[in-house]
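The values are calculated or read from the model by the stated rules, or taken from the named source; none is laboratory data. Keep in mind that what you see is a predicted model, and the values were worked out from it rather than measured. We place every Cβ from the backbone using ideal geometry, glycine too, and count neighbours over all the protein chains shown. Keep in mind that these areas ignore ligands, DNA and RNA; they rest on the heavy atoms of the full protein, side chains included. Shrake-Rupley method; radii C 1.70, N 1.55, O 1.52, S 1.80 Å.
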Amino acid sequence: TRLRPSNKRCAVIGGSGFLGRHLVEKLLDRGYSVSVFDIRQSYELSGVTFHQGDLCDKQALLPAMKDVSLVFHCASPAPACDDRRLFERVNIQGTRTVIQACIEAGVQKLVLTSSASVVFEGTDIKNGKEDLPYAKKPIDYYTETKIEQEKLVLEACDKEKGFLTVAIRPHGIFGPRDPQLVPILVDTARKGKMNDGTNLVDFTFVENVVHGHILAAERLRPDSPICGKPYHITNDEPIRF
Ligand code: NAD
């Protein structure tokens, strides 16, 4: 069954970011109308309404969720900023606020952008499945807060209340307008600080990550096995890097 047109209103929290903007563009292509919520506005696009604010502020979030049935949450402080307090405030407290705002606004589905690093213990993982446990010693504080964030969102899934959630776990997203991954790799290489090329790394093209988010959103229904579950999203095979 196709979604009714009135159900094709969605909000993208973090929609000004690298992944968020690609997601917004694809959603428009697929006939959705989109509200973007972000602390900054980085572009203009017809069919998109921008709401500028901090996701830790429920009153700021609510107008962006008005008449919206589906919310994507892909906002996070950049991993490189290394600011513990900020990660905790935005990824943990802020995600609680996002969930509360969704429930208050009558949103039916929440799709979280998590990270594959939530299961990474510092050693290579081959053919890792979603049943791997969360890392006991996350590699950094960003990842520690991504774990807590994912748990909050998946535990909030409640079929009785009609609030459904799912999480997508990408790793190493690349593609047009990538502000972080490739520039940081190039910079590291120029400084001669690359590792020995033996680490197993998974890189994913941004359009595949977007596709995974939209499929998850469209498959998320009360009778669906994906309710409250995380999904790794990857291109194909990881590579030695
Ligand atoms: P990005 O920095 O380009 O986008 C993040 C957006 O979130 C930015 O536009 C920023 O302004 C916004 N934001 C940050 N704090 C906010 C706040 N308090 N309130 C409202 N908006 C806020 O990063 P990205 O690479 O597009 O990452 C998107 C998501 O994907 C994040 O959740 C990240 O953890 C996840 N992720 C990214 C990668 C990657 O390789 N880029 C890998 C795994 C997971």
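Looking only at residues in the range 145-161 that are charged (D, E, K, R) and crowded, with 21+ Cβ neighbours inside 10 Å, which one is farthest from the ligand (Cβ to nearest atom)?
So in the range 145-161, the residues charged (D, E, K, R) come out as 146, 148, 150-151, 155, 158-161.
Filter again for crowded, with 21+ Cβ neighbours inside 10 Å, leaving 146, 150.
On the way: Lys146: 6, Glu150: 10 Å.
In this case the residue turns out to be Glu150.
Please determine, by comparing only the residues of the range 27-44 that are within 14 Å of the ligand (Cβ to nearest atom) and open to solvent by 50 Å² or more (accessible area, probe 1.4 Å), which one is farthest from Val98 (Cα to Cα). If you could, list the steps in order and put the result at the bottom.
The first filter runs over the range 27-44 and keeps only residues within 14 Å of the ligand (Cβ to nearest atom), leaving 35-43.
In the following step, the residues that additionally are open to solvent by 50 Å² or more (accessible area, probe 1.4 Å) were identified as 39-42.
Working: Ile39: 14, Arg40: 17, Gln41: 19, Ser42: 21 Å.
The qualifying residue farthest from Val98 (Cα to Cα) is Ser42.
Filter the range 46-101 for residues that are hydrophobic (A, V, I, L, M, F, W, C), modelled with pLDDT under 95 and closer than 22 Å to His213 by Cβ and give the result. Outline the logic, then answer.
Our first condition is that a residue be hydrophobic (A, V, I, L, M, F, W, C); within the range 46-101, this holds for 48, 50, 55-56, 60-62, 64-65, 68, 70-72, 74-75, 78, 80-81, 86-87, 90, 92, 98-99, 101.
Applying the additional criterion that residues be modelled with pLDDT under 95 yields 78, 80-81.
Across the range 46-101, the qualifying residue is only Ala78.
Can you name every residue in the range 65-81 that is farther than 22 Å from Arg221 by Cβ and either in contact (Cβ under 8 Å) with a residue 60 or more places away in the chain or more than 10 Å from the ligand (Cβ to nearest atom) (or both)? Break it down stepwise before answering.
Taking the range 65-81 first, the residues farther than 22 Å from Arg221 by Cβ are 66, 75-81.
Passing the criteria: Lys66, Ala75, Ser76, Pro77, Ala78, Pro79, Ala80.
So, in the range 216-238, of the ones that are closer than 18 Å to His171 by Cβ and among the aliphatic types (A, V, I, L, M), which residue ends up most open to solvent (accessible area, probe 1.4 Å)? Walk me through how you get there before you give the answer.
Just the residues of the range 216-238 that are closer than 18 Å to His171 by Cβ, to begin with: 216, 229-238.
Next cut, among the aliphatic types (A, V, I, L, M) only: 216, 233.
Numbers: Ala216: 10, Ile233: 32 Å².
Checked the range 216-238; the qualifying residue most open to solvent (accessible area, probe 1.4 Å) is Ile233.
Being open to solvent by 10 Å² or more (accessible area, probe 1.4 Å), within 8 Å of the ligand (Cβ to nearest atom) and closer than 25 Å to Cys227 by Cβ narrows it down to one residue among Leu62, Leu19; which is it? Explain how you work it out, then say what you get.
Values: Leu62 fails: within 8 Å of the ligand (Cβ to nearest atom).
From the options Leu62, Leu19, the qualifying one is Leu19.
Give the residues of the range 152-188 that are small (Gly, Ala, Ser) and closer than 16 Å to Ile233 by Cβ, sorted by residue number.
Residues of the range 152-188 small (Gly, Ala, Ser): 156, 162, 167, 172, 175.
The answer is Ala167, Gly172, Gly175.
Residues in the range 193-213 that are touching a helix residue (DSSP H, G or I) at 6+ places or on another chain (Cβ under 8 Å), surrounded by fewer than 20 Cβ atoms within 10 Å (Cβ to Cβ) and assigned to a helix (DSSP H, G or I): how many?
2
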